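Take a look at the structure below.
Derivation of every value follows stated rules applied to the coordinates shown; laboratory data play no part. These figures come from a predicted structure and were not determined experimentally. So basically every Cβ, Gly included, is an ideal-geometry build from the backbone, and we count neighbours across all protein chains shown.
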Amino acid sequence: MTPNQADYLLRSLRLIETVGRCGSFSTAALELGMTQPAVSQQVAQLEKLLGVVLFERRHRGVSATRYGQMLHTTTTDVLTQLYGTMEIIHGSSSRETLTILTDYGFAANWLLPRLSDFEEKHPDIDVSLLTTQARRDAKIDHRNTLHDVSILFGEKPQTHDISTICLFQEEIVPICSAVYLKIAGPFNHPHDLLEAKLLHLSGPDHQWFTWADWFQAVDASCSLKSYSKNGLFFGNYPLLLQAVLQNQGIALGWRPLIDDLVKTDQVIVLNNKPIKSRRGYFLSTPLNKKRHIDSFIQWILAQSKMNQV
């Protein structure tokens, strides 16, 4: 790769990540220190190079297409891993560094809003956060990775070389914004949701609950023959929640990832009888834990209990 190609790749990565996260050329331009026309032109050039549309231009902001969501997910992963590795290298001094591996949804919607509390209580510990799309089923090997702690979704790992704690059992309810409920509701019966626009989380079968699973659990008489006509599909959970907040439809809400949004009335729970499974978010660490890992475990266990009150 030539220097020019490397520079173009890095600029494109940052551009796609910022536009996808902001959902607006204008907002992305302010963050990137560019003009709105320049951002729009660079996105158009990238779309021409790839031969696909990445963002649908709307009256207010932009919305990622299926290809845009795929590229945004990969871009976010690459930049986060790169930043995390640089943080690890930078922090390799006398100070303790705690490296946490988790997924996008848990990091953005639960861990990050609370992490400042841990940093205040443990100012001597530097925290590095790595995000991944991997499931707990992927059998992360703590002996051959850079992280100290993993918090991943899936079933409880059946291994003897790590210590595992279930932080949260999988628990889901349908959610939407108050605006969407007013426009498309009411939704008094599961059958009513079949007429709504359903938002889906893409991924391998049985990785998490799907709408088909939910309808089967609450009312076996419901049919999903027409859901694909009205559905939107998202590659990661933060993007799906952003669509809910933008009044685009109804999604399945995973606790505890939605709890802060529910408490602040940003989303409405449509059926308060959660569906549960044996899956959940499991915290895993090496058996020979270091002192700073124990400090984090004690802190996050206290936080998880507060969340369940």
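Note on K48: aspartates and glutamates with a C-alpha under 15 Å away, same-chain residues under 8 apart excluded, are E56.
Give K182/K263; K156/K263; K273/K305; K182/K305; K121/K290 a once-over and call out the pairs whose C-alpha atoms are over 22 Å from each other. Pairs exceeding the cut-off: K156/K263; K182/K305. Among R114, R60, the order by Cβ neighbours within 10 angstrom, fewest to most, reads R60, R114. From Cα pairs below 8 angstrom and at least 6 apart in sequence, can you work out the relative contact order of the range 3-73, rounded to a whole percent? Computed over the range 3-73, the figure is 29 percent.
Note on A38 and Y8: the model spin-label points, each 7 Å out from Cα along the C-beta direction, lie 1.9 nm apart. Starting from the Cα gyration tensor of the range 3-73, take the square roots of the eigenvalues, sort them a ≥ b ≥ c, and report rounded, prolate or oblate (rounded when a/c is under 1.5, otherwise prolate if a/b is larger than b/c, else oblate). Oblate.
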